[in-house]
Structure formats: C-alpha cells, structure tokens
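What follows is one structure encoded as structure tokens, with my remarks underneath.
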Amino acid sequence: MSKPRRDRLWPRQATTRHAWYRDGHDPNALPRQALVIAWRSHSYKWWARITYCVEITGQDEPAVIDRWVPAETLRPVPADPNRAFGLR
C-alpha cells in the first residue's frame, strides 16, 4: 500500500528566496537570477541583500556579486521543490 499523496510531497516554502533582479539604473538591462540572503528596513524603505553571478569576458569562472539593493528592483520567483523533481 502506498503513502497518501500529502505524505509524499515536501511542504511549500513559506518565503521565496529566488528572485529576478534588474539594476534600477538601466531600464533595458537584462534581469539576472538572484538569491535573497537577508532583508532590512531603512528609512521606511526595504532593502534586500542578494547574491548573483556575472560572466566576465576572458574569464573561465563567473564573478559572484553580493550587494544590498532596493526591494523594488526584485521580482520573486516562487519555487516548489515538488514540481522541480516531478512530484506534482
């Protein structure tokens, strides 16, 4: 006898750590995949500490950027581990 479906699935994450980041200085810039590390509020404005990679011409390895950015430059990407591993 198999387990009920609810017992085979992982719980959904309460918060999303994956996001698309677009630098606010260039509206035509290609969004980058980012990972949100932390949040903070300063002067009634939210900021996120993010990490993302940048490809550098002539280098074998990408550079890893870690910086604080305004929350409005991010768009959350909901992640469901069940869909990623074909359980749904």
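The values are calculated or read from the model by the stated rules, or taken from the named source; none is laboratory data. This structure is a prediction, so every number in the text was calculated from the model and none was measured. Because the Cβ atoms are built from the backbone with ideal geometry, glycine has one as well, and the counts that use them run over all protein chains shown. Heads up: the accessible areas ignore ligands, DNA and RNA and are worked out on the full protein's heavy atoms, side chains in. Shrake-Rupley method; radii C 1.70, N 1.55, O 1.52, S 1.80 Å.
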**Item:** Every residue from region 4-39 that is modelled with pLDDT of 80 or more, over 16 Å from the mean Cα position of the chain (by Cα) and open to solvent by 100 Å² or more (accessible area, probe 1.4 Å)
**Value:** Asn28
**Message:** Looking for something under 14 Å from Arg17 (Cβ atoms), without any contact (Cβ under 8 Å) to a residue 40 or more places away in the chain, open to solvent by less than 90 Å² (accessible area, probe 1.4 Å) and in a strand (DSSP E or B) - is there at least one such residue anywhere in region 67-78?
**Reply:** no
**Asked** Restricting the first residue to region 8-37 and requiring it to be hydroxyl-bearing (Ser, Thr, Tyr), which pairs with a second residue that is modelled with pLDDT of 75 or more and part of a loop (DSSP other than H, G, I, E, B) meet a Cβ separation below 6 Å and a spacing of at least six or different chains?
**Response** Thr16/Pro78
**Request:** Could you check, for region 72-86, whether at least one of its residues is at pLDDT 95 or above and not β-branched (Val, Ile, Thr)?
**Result:** no
